[in-house]
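First up is the structure itself, then whatever we jot down about it.
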């Protein structure tokens with residue numbers, strides 16, 4: 001097997017190993033930990049989108065923003081329990097919808113400032129979730 005084929009095989013193997021690790025983490029996570037994983041994934045993809053935008057790699061920027069939109073819509077927003085969560089859930093829903101708007105505008109207009117605003121908002125909410133988890137562990 002030549003070097004190119006070995007590298008390709010290694011890349012596939014490493015990717016499969018990483019997917020199994022992520023799946024294992026998801027399967028054993030608490031609901032709170034799952035939400036934290038969503039925030040972490042959103043932040044990672046926002047940073048990736050920013051880097052691609054700065055490098056002029058528009059297709060890759062769009063793909064990274066799409067991942068963030070998916071996390072916000074199908075993860076964070078979908079996880080809200082508006083009946084139990086009341087006003088807090090409604091406020092979070094409004095924030096997530098605003099983040100969606102920022103992301104769509106950032107993608108269409110190649111606007112780093114809107115990406116950064118979305119990043120700050122999600123980091124702020126994620127930090128609050130992190131603190132709640134730490135407080136519940138300490139209680």
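The values are calculated or read from the model by the stated rules, or taken from the named source; none is laboratory data. None of the values given here were measured: they were computed from a predicted structure. All Cβ positions, even for glycine, are placed from backbone atoms using ideal geometry, and neighbour counts span all protein chains on display.
Taking segment 67-87 on its own, how many of its residues are without any contact (Cβ under 8 Å) to a residue 24 or more places away in the chain and surrounded by 12 or more Cβ atoms within 10 Å (Cβ to Cβ)? Break it down into steps so the answer makes sense when it comes.
Applying the first criterion (without any contact (Cβ under 8 Å) to a residue 24 or more places away in the chain) to segment 67-87 yields 70, 74, 77-78, 80-87.
Narrowing further to those that are surrounded by 12 or more Cβ atoms within 10 Å (Cβ to Cβ): 70, 77, 80, 82, 85.
Residues flagged as without any contact (Cβ under 8 Å) to a residue 24 or more places away in the chain and surrounded by 12 or more Cβ atoms within 10 Å (Cβ to Cβ) within segment 67-87 amount to 5.
Taken across segment 81-100, residues that are in a helix (DSSP H, G or I), farther than 26 Å from residue 131 by Cα and at pLDDT 95 or above do not occur at all. For segment 57-66, the tally of residues that are over 18 Å from the mean Cα position of the chain (by Cα) and surrounded by 14 or more Cβ atoms within 10 Å (Cβ to Cβ) stands at 1.
Does residue 14 satisfy the criteria of being more than 26 Å from residue 133 (Cα to Cα), at pLDDT below 95 and part of a helix (DSSP H, G or I)?
Details: more than 26 Å from residue 133 (Cα to Cα): yes; at pLDDT below 95: yes; part of a helix (DSSP H, G or I): yes.
Criteria met by residue 14.
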